[in-house]
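Below is one structure; the comments refer to it alone.
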Amino acid sequence: MSRIQIIALAVSILSALVLFQLIRKKRLKEQYSLLWFLTDMVIFVFAVWESLLTRISEALGIQVPSNALFLLALMFLFAIVLHFSLIASRLTDQSKMLAQKLALLDHELRKEREKADQPARSEAIDDTL
């Protein structure tokens, strides 16, 4: 086993442990950790099965295996950005709906307070007459 394979295995195992710790301490939600575990598994597979990257690059028509690795990394980054963009869009919509509901509740509360204050004011006026 080459030095780079040992380093890749160590990075894969260490990142998996870090991910488990983040999930256990509730600093990372499970749904967001799936992409990171997938990445970790890919690193592990490439570290153990060294000819796989060469086969993938040949299948894609890429002459240098490291270029295939960069292409896979770029595709992964694209997937992460798309995933988080979808999450941000959903959260934006939810925040907008919550703000609208809060505004409606605030408006209703003000109306109720005005109704409650009106009889008290009319009684105060009647007492002074």
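Coordinate-derived values only; no laboratory data. Given the structure is predicted, the values throughout are model-derived calculations rather than measurements. With ideal geometry, Cβ positions are generated from the backbone for all residues, glycine too; neighbour counts draw on all protein chains shown.
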Within segment 17-48, work out how many residues are surrounded by 14 or more Cβ atoms within 10 Å (Cβ to Cβ) and charged (D, E, K, R).
-> 1
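Helices (runs of 4 or more DSSP H) wholly in segment 1-86 with at least 1 residues that are under 26 Å from the mean Cα position of the chain (by Cα) - which ones?
In segment 1-86, 3-24, 30-48 are the helices (runs of 4 or more DSSP H) which contain 1 or more residues that are under 26 Å from the mean Cα position of the chain (by Cα).
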